[in-house]
Amino acid sequence: MANDASTVFDLVILGGGSGGYAAALRAAQLGLDVALIEKNKLGGTCLHQGCIPTKALLHAGEIADQARESEQFGVKATFEGIDIAAVLKYKDDVISGLYKGLQGLVASRKVTYIEGEGRLSSPTSVDVNGQRIEGRHVLLATGSVPRSLPGLTIDGNRIISSDHALVLDRVPKSAIILGGGVIGVEFASAWKSFGTDVTIVEGLPHLVPVEDENSSKLLERAFRKRGIKFNLGTFFQSAEYTADGVKVTLADGKTFEGEVLLVAIGRGPVSQNLGYEEQGVAMDRGYVLVDEFMRTNVPTISAVGDLVPTLQLAHVGFAEGILVAERLAGLKTVPIDYDGVPRVTYCHPEVASVGVTEAKAKELYGADKVVTLKYNLAGNGRSKILKTSGEVKLVQVRDGAVVGVHMVGDRMGEQVGEAQLIYNWEALPTEVAQLIHAHPTQSEALGEAHLALAGKPLHSHD
Ligand SMILES: Cc1cc2nc3c(=O)[nH]c(=O)nc-3n(C[C@H](O)[C@H](O)[C@H](O)COP(=O)(O)OP(=O)(O)OC[C@H]3O[C@@H](n4cnc5c(N)ncnc54)[C@H](O)[C@@H]3O)c2cc1C
């Protein structure tokens, strides 16, 4: 550790995940003296148990599907199976490359990195490894961990969380996935591609229930076609071990059996026994409460990332961390518009969105003020070449800006960058219609949807 006992940092950060390390990098860049405390691995959930490993598994699954389906494209290949050890190695190699890069970045910005389990010991200090680290300001960024339900014990073998699923050394023959949100459908997709017989159990009426209903329905149709089974609208009641797996019973008495049960019902904040309450930090059900500038009720303490009740996404953590760093450095900051945060679910097919759903738009602006338009990817050359189907759905305030973009289709996640510019710059359909999109790309689907909404459809019917 570089500091001595008398050092007072400008910023002491507890937790080196997306939120914490982004704050550290930006604060150091702005000339602040930063200490970053991490008990496990720099990079946190996203790098080691979240975004990156899941996308590596999904990509391996995509290649398996392509091998199986190669004949459709006139290519002779045979799918011989999944070598799970090699898949895990590929995933781990991706992680370790990024991990090394991140460690180098933190070191190069002269952030004082402290490995150890920290605890908030005063409004301006964190205790770690028997030492008190003082700062003018403290940032809490301890993230989240998988949640379970009362009476449902995650044993790490047959009843598992996403953390276990990412290191599972076998492809399960069958799996029940509890929860049809982002994490649940991503694992369903990857496992199905690997050859697992998958059943998702979701208590709400739709898969990816926070998305626009149209996207949920398109995903459900695509999953049905892929043979991914799901049971919607009934909640979980109990789980018991069988001779070779797990049996799940729902509230209506229906039962499902699988070799493993993946519990993917969400993640809860890491805030217990860390001194937060003792130091007077206001909390709600374990989440640290913050204002729109990520300030807690204690003037010297801020909080970011999954620990606070905003969207649990890595790029939200980055943005919140940067906001705190810039505020502490005296720069002008503006609150984050959470509706303007792009969201992608990387299953096959992908679901991507930004802005509000049609239902939310109707609540906000009144049902008679909301206009929607759907553009089917069947009319998009690139999607046809890829043999993917789906839609772009736009939600517009009548005669005004586009306030929601909802897309389903393989690779459509890549189009969310343009969609977020449209939403965040409050673009009118006529303005987007003016922009030329490269042919043949999937971005044309966004362009065509706006042409149609502006009243001049090209490759779609009036
Ligand atoms: C399976 C899965 C897939 C995901 N996929 C995506 C995706 O595709 N895109 C996306 O945007 N998001 C995704 N996420 C969400 C994303 O990973 C999180 O939103 C993000 O990691 C939150 O960052 P954070 O910094 O708040 O917390 P974390 O990343 O959880 O980091 C918190 C850090 O604090 C450390 N810590 C905790 N307590 C202490 C302590 N007392 N002392 C020292 N250190 C401590 C932890 O070890 C951890 O490293 C996914 C999550 C999961 C689980």
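The values are calculated or read from the model by the stated rules, or taken from the named source; none is laboratory data. Since the structure is predicted, the reported quantities are computational estimates derived from the model, not experimental observations. Here the Cβ is made from the backbone with ideal geometry for all residues, glycine too, and neighbour counts use every protein chain on show. To get the accessible areas, we keep the full protein, side chains included, count just its heavy atoms, and leave off ligands, DNA and RNA. Shrake-Rupley method; radii C 1.70, N 1.55, O 1.52, S 1.80 Å.
Across region 358-394, the number of residues qualifying as of a type in the set (Ser, Thr, Tyr) and open to solvent by 30 Å² or more (accessible area, probe 1.4 Å) comes to 3. Checking each residue in region 404-444 for being in a helix (DSSP H, G or I), among the hydrophobic types (A, V, I, L, M, F, W, C) and open to solvent by 80 Å² or more (accessible area, probe 1.4 Å) picks out only 421. Pairs linking a residue in region 231-243 that is under 17 Å from residue 200 (Cα atoms) to a residue that is acidic (Asp, Glu) and open to solvent by 40 Å² or more (accessible area, probe 1.4 Å), with Cβ atoms under 7 Å and 6 or more positions apart or on different chains, are 234/252. Each residue in region 172-194 was checked for being open to solvent by less than 50 Å² (accessible area, probe 1.4 Å) and over 18 Å from residue 55 (Cβ atoms), and 7 pass.
Rundown of residues vs (1) within 6 Å of the ligand (Cβ to nearest atom); (2) of a type in the set (A, V, I, L, M, F, W, C); (3) modelled with pLDDT of 95 or more, yes/no style:
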| site | (1), (2), (3) |
| --- | --- |
| 17 | yes, no, yes |
| 24 | no, yes, yes |
| 27 | no, yes, yes |
| 34 | no, yes, yes |
| 42 | no, yes, yes |
| 48 | no, no, yes |
| 56 | no, yes, yes |
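Does residue 284 count as more than 21 Å from residue 45 (Cα to Cα) and either surrounded by fewer than 16 Cβ atoms within 10 Å (Cβ to Cβ) or within 12 Å of the ligand (Cβ to nearest atom) (or both)? Considered against the rule, which asks whether it is more than 21 Å from residue 45 (Cα to Cα) and either surrounded by fewer than 16 Cβ atoms within 10 Å (Cβ to Cβ) or within 12 Å of the ligand (Cβ to nearest atom) (or both), residue 284 comes out as yes. Counting just the residues of region 34-45 that are touching a residue at least 60 places away in the same chain (Cβ under 8 Å) and surrounded by fewer than 24 Cβ atoms within 10 Å (Cβ to Cβ), which one comes out farthest from residue 133 (Cα to Cα)? Step by step, filter region 34-45, then rank; the result is 42. Out of 161, 189, one residue alone is touching a residue at least 24 places away in the same chain (Cβ under 8 Å), in contact with a Leu (Cβ under 8 Å, 6 or more places away or on another chain) and within 25 Å of residue 374 (Cβ to Cβ). It is 189. Condition first: in contact (Cβ under 8 Å) with a residue 12 or more places away in the chain, acidic (Asp, Glu), in contact with a Lys or Arg (Cβ under 9 Å, 6 or more places away or on another chain) and outside the structural domain of residue 171 (by the TED database). Can you find one or more residues in region 306-316 that meet it? Checking region 306-316: at least one residue is in contact (Cβ under 8 Å) with a residue 12 or more places away in the chain, acidic (Asp, Glu), in contact with a Lys or Arg (Cβ under 9 Å, 6 or more places away or on another chain) and outside the structural domain of residue 171 (by the TED database).
Only one entry of 102, 168 meets the criterion of being open to solvent by 10 Å² or more (accessible area, probe 1.4 Å), part of a helix (DSSP H, G or I), touching a helix residue (DSSP H, G or I) at 6+ places or on another chain (Cβ under 9 Å) and in contact (Cβ under 8 Å) with a residue 40 or more places away in the chain, and that entry is 102. For region 312-338, a residue qualifies if it is assigned to a loop (DSSP other than H, G, I, E, B) and surrounded by 15 or more Cβ atoms within 10 Å (Cβ to Cβ), and the qualifying residues are 312, 313, 329, 333, 336. Checking each residue of region 117-127 against the condition of being within 13 Å of the ligand (Cβ to nearest atom), over 22 Å from the mean Cα position of the chain (by Cα) and outside any strand (DSSP E or B) gives at least one match. Candidates are the residues of region 293-311 that are more than 12 Å from the ligand (Cβ to nearest atom) and in contact with a helix residue (DSSP H, G or I) (Cβ under 9 Å, 6 or more places away or on another chain); the one that is least open to solvent (accessible area, probe 1.4 Å) is 302. Taken as a whole, the structure places residue 138 among residues that are more than 11 Å from the ligand (Cβ to nearest atom), under 20 Å from residue 305 (Cβ atoms) and surrounded by 22 or more Cβ atoms within 10 Å (Cβ to Cβ). Among the residues of region 63-71, are any free of Cβ contacts under 8 Å to residues at least 40 places away in the same chain, assigned by the TED database to the domain that holds residue 277, more than 15 Å from the ligand (Cβ to nearest atom) and on the phi > 0 side of the Ramachandran plot? Within region 63-71, not a single residue is free of Cβ contacts under 8 Å to residues at least 40 places away in the same chain, assigned by the TED database to the domain that holds residue 277, more than 15 Å from the ligand (Cβ to nearest atom) and on the phi > 0 side of the Ramachandran plot. Restricting 126, 87 to residues that are touching a residue at least 12 places away in the same chain (Cβ under 8 Å), β-branched (Val, Ile, Thr) and under 28 Å from residue 285 (Cα atoms) narrows the list to 126.
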